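None of the figures in this text is laboratory data; all of them are computed from the coordinates on show. Only a predicted model underlies this, so the values are computations on that prediction, with no experimental measurement involved. As a convention, Cβ positions derive from the backbone with ideal geometry for all residues, glycine included, and neighbour counts pool all protein chains shown.
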């Protein structure tokens, strides 16, 4: 049972009733590390354009990423009705998958206020007010709806900067549907209610002057109920509630991109909302993978958008800054193209949509280069991976200054510049050994047999190399000049890929998975640690962290060899598991970070910080899309949903794009 409340339903959808008294209960206070302690708890939801951040004070923030990272409002949105106000702690508060509800009442009247992100790409929210007279006599009340525009543009690392005094802002408006409309952010009217009468008022607030759809409150909720997938699993009853919840929050983080086209699916959390960048490029591609089976049009849109980050040479920048310009100063990972090739193969396998690969995709405007068909964009990315990233003296993929693990260079023990120049990533070799054969199948189906043959051959060579990295207990992690990384300690991220790419024969795969359960995953309610013995740069004092992205591949690797263990590991990824282990921690209740601190740390169940360099996931520990996309993808893999393979079933999943039975 969470200290903050309990799961319920609202409008026929999963929702969370927040009941904690944040003013008096000491459990409410938490430390963002980079900012002062606070008692504010919040949840992110959205549609395909706008993000609504609702908090336990009944207030709202609106965020828009259409042309840059921009807060439209912060800490606003209040209804006053007589002596009632929706921003009091005594209110009833409910967090839903695309909405938030506040209920207040006194002896005369009851007020229910719902703020909803309408379906589609509307850059505004709907506000439904339901007012009921509790008296046996008529009542006359003054009602006021108030929003305050507080635009703030994100700046790299340092955070939000308030707009200048002479900045007119984005043009936010408040409208009583069917009535008045104003830029002041305030509307007032008089309500006269007969005894027992109930009145419903609908308003909307946001960028009302932009062309958009006109989805009504009822239409949006009906479409949402139809859109969300359904699931049930005898081995994991949590799936029935969490699969639709994760799908809603994942898709609701998308934003139509007014610069590059398509939709961005930003990693969110501290990266966007506190430190002002969209990165790494692998993340939106990874987030879109489960959407292939839920909202395939959105998955394709994210693929096109992320491919448009790059240039004609096939390179993808590490991230986009707050102005959507490529940011390459920090990291240059060697794995990013693999994620684009993977998502493309997953999409073609699921949809058969060959036409999508013949439509042009632009390159980032900074390159001043004409777009090319998506298939050609992907071919250039493969060429960049094969020829520019290339391979080192042992034949493994070069690591550059990072692979998936941004801290792998630091943790290798090899001098940084030497490792960047000559280091090799067994992790990226193992991942490529799985991805490249799937990309080869895509290229072959679309008529590019030469690229298909080259990709397949490279994948096979890398698989054989990875097979030779078995040291009798696990697979090695990396190479540097005169150094082997991961011989004496287990680096988790490479192990599942070694199983998945076929480098580990079945008996060895089982042995490795059982070793992981005895070591990295031992006594850990949220999943396996990244390193064993437990240490890595992200944990306080170098102690262990637990990453959604890596536990997803671990569940996937175990699904075929040790299914009971795989289901157990999946349950450790759930919100229910976090609540059971850490009921007093808000992150993990409805959403989470990209990683948790392990049980042996000083603050288990919370998340990492690198405060010494001014960066901390703990500064914004929710709304990271790994906490939603990875449980979804791991669940699908448990059912055998993979590119160019038939699902094996074993549990139920139903969406508009896919149905798998037990």
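Structural remarks
- Averaging Cα coordinates gives a centre for the range 211-247 and one for the range 358-397; these two points are 36 Å apart.
- Sorting the segments 331-339, 554-562, 262-270 by their mean number of nearby beta carbons within 10 angstrom, highest to lowest, gives 262-270, 331-339, 554-562.
- C-alpha long axis of helix 548-561 to longest principal axis of the chain, angle in °: 60 degrees
- When the P(r) of the range 75-181 is calculated, the portion above 22 Å amounts to 46% of the C-alpha pairs.
- Hydrodynamic radius of the range 505-624 by the Kirkwood approach over all distinct alpha-carbon pairs: 14.5 Å.
- Scattering from the range 257-371 was approximated by placing one identical point on each alpha carbon and applying the Debye formula without solvent; log10 I(q)/I(0) at 0.13, 0.15 1/Å stands at -0.45, -0.61.
- Crossing angle, helix 626-638 versus the chain [Cα axis fit, 0-90 degrees, rounded to tens]: 60 degrees
- Residues 394, 80, arranged from fewest to most other Cβ atoms within 10 angstrom of their Cβ, appear as 394, 80.
- Residue order, fewest to most surrounding Cβ atoms within 10 angstrom, among 567, 608: 567, 608
- Kirkwood radius and radius of gyration were both taken over the C-alpha atoms of the range 321-424, and their ratio Rg/Rh is 1.03.
- Computed label-point distance, nm, for sites residue 134 and residue 648 using a 7 Å Cα→Cβ extension: 5.7 nm
- With contacts taken as Cα pairs under 8 Å at a separation of at least 6 residues, the range 350-429 carries a relative contact order of 23 percent.
- Evaluated over the range 327-373, the Cα radius of gyration and Dmax, each in Å: 13.7, 38
- Sequence-separation-based contact order of the chain, relative, with Cα cut under 8 Å and 6+ spacing, percent: 12 percent
- Counting every other Cβ atom within 10 Å of each residue's Cβ, 330, 625 order from fewest to most as 330, 625.
- Packing order of peptides 386-392, 493-499, highest average first: 493-499, 386-392 (average count of other Cβ atoms within 10 Å over each peptide's residues).
- Every helix of 4 or more DSSP H residues in the chain counts as -39500 (n - 2.57), and over all residues that averages to -8500 deg cm²/dmol at 222 nm.
- Coordinate range along principal axes, alpha carbons of the chain, Å, largest first: 84, 54, 50
- Classified by the C-alpha gyration tensor, the range 137-252 has an oblate form. Its axis ratio a/c, with a ≥ b ≥ c, is 1.5 or above, and a/b does not exceed b/c.
- The label point for residue 393 and the one for residue 417, both projected 7 Å from the Cα toward the Cβ, are 1.8 nm apart.
- Against the chain, whose longest principal axis is taken from its Cα atoms, helix 239-251 shows a tilt of about 90°.
- A Stokes-Einstein calculation at 37 °C with viscosity 0.692 mPa s, built on the Kirkwood radius of the range 2-161 over Cα pairs, returns a diffusion coefficient of 194 µm²/s.
- Translational diffusion of the range 390-490, estimated by Stokes-Einstein from the Kirkwood radius over alpha carbon pairs at 10 °C in a medium of 1.306 mPa s, is 113 µm² per second.
- For the range 578-593 versus the range 32-68, the gap between their alpha-carbon centres in whole angstrom: 17 Å
- If you sort the three axes of the alpha carbon gyration tensor as a ≥ b ≥ c, you get a/c under 1.5 for the range 1-93, which makes it rounded.
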